[in-house]
Amino acid sequence: MPERTSVEFEIDGRVVRAQPGDSLLRVARREGFAIPSLCFHERLTAYGACRLCLVEVRRGKRSRIVTSCDYPVQEGIVVRTETDEVRARRRTVVQLLAAMAPQPVVLRDLALQYGADLGGLEAARDGDCILCGLCVRVCREVVRASALDFQHRGERKALGGPYGEPAPSCISCGACASVCPVNARRTLAPAIRRLHHAGAGEHLCRYTLLGVFSDGVCANRYECERCEVEHRLRDGRRDHPAFLRSDGGKTHGG
């Protein structure tokens, strides 16, 4: 029996086609459906950490809530992206994420979108990181340095290098900070400090550290989104890890 070359299913009343094995979130966004996510990136392995991309999937008479970033599309399924239950669960997720990192603007925007009450929220930890794992995956899968990983479990879970020390494999490329959806500069401070002290006192451009060009010195305190070099290089080098964050920082949108 020949293998299927495509599958057909329904998203919010519209019939769509996709390649077998493609993720539901990827297909939905390609078709114009806005499903929020803070831990998904097209170039990285799906992780399902933030839980914001929840959708309802019905197959036959059975339905369940799943994370769409790591759910493979299947023939005949019916997907609903904005049911009352889906929105209620996303609202709870936003509140839990905000308890971990109460300051990021992206979480406050999502709270408004889903009616999450952040007033009087008891902070679960004094941090700016939501443990989405994007920095860990970009360091491992794209930069191939594996300089970051999760440490400990439960309430003590945090990001760091091996044994809590800065990893010698870190090349100070700044890719971790670039993909971070909540701009967790305090959590990523060790990598950023290495970036500022790279090159014997010179603030080398992170694109020089990544080998995009030689002898570049940063005059912008590594606020790359404001840098003219950043904007000029993106069009020609989109495949490079330095340019993974090609969406202007709006990783939570569709």
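The values are calculated or read from the model by the stated rules, or taken from the named source; none is laboratory data. Being a predicted model, the structure only gives us computed values, none of them experimental. Because the Cβ atoms are built from the backbone with ideal geometry, glycine has one as well, and the counts that use them run over all protein chains shown.
Assorted remarks:
- Count - residues of region 46-84 that are among the β-branched types (Val, Ile, Thr), in a strand (DSSP E or B) and free of Cβ contacts under 8 Å to residues at least 60 places away in the same chain: 5
- Those residues of region 129-159 which are without any contact (Cβ under 8 Å) to a residue 24 or more places away in the chain and part of a strand (DSSP E or B), in sequence order: 149, 150, 151
- Output for region 71-92, where each listed residue is in contact with a helix residue (DSSP H, G or I) (Cβ under 6 Å, 6 or more places away or on another chain) and either buried (at least 18 other Cβ atoms within 10 Å of the Cβ) or within 25 Å of residue 19 (Cα to Cα) (or both): 71, 73, 90
- A residue that is β-branched (Val, Ile, Thr), within 19 Å of the chain's Cα centre (by Cα), closer than 20 Å to residue 181 by Cα and in the same structural domain as residue 14 (by TED's automatic domain parsing) occurs somewhere in region 61-72.
- Within region 1-45, being in a strand (DSSP E or B) and closer than 18 Å to residue 65 by Cβ holds for 9, 10, 11, 23.
- Verdict on residue 194 being at pLDDT 75 or above and assigned to a helix (DSSP H, G or I): no
- Qualifying positions in region 205-219 - in contact with a Cys (Cβ under 7 Å, 6 or more places away or on another chain) and either modelled with pLDDT of 70 or more or not in a loop (DSSP other than H, G, I, E, B) (or both): 205, 206, 209, 216, 217, 218
- Scan of region 1-25 for residues that are without any contact (Cβ under 8 Å) to a residue 24 or more places away in the chain and among the charged types (D, E, K, R), ordered by number: 3, 14, 17
- Residue in region 3-17 that is within 19 Å of residue 181 (Cα to Cα) and of a type in the set (Lys, Arg) present: no
- Residue in region 93-103 that is in contact with a helix residue (DSSP H, G or I) (Cβ under 8 Å, 6 or more places away or on another chain), touching a residue at least 24 places away in the same chain (Cβ under 8 Å), closer than 17 Å to residue 184 by Cβ and loosely packed, with under 15 Cβ neighbours inside 10 Å present: no
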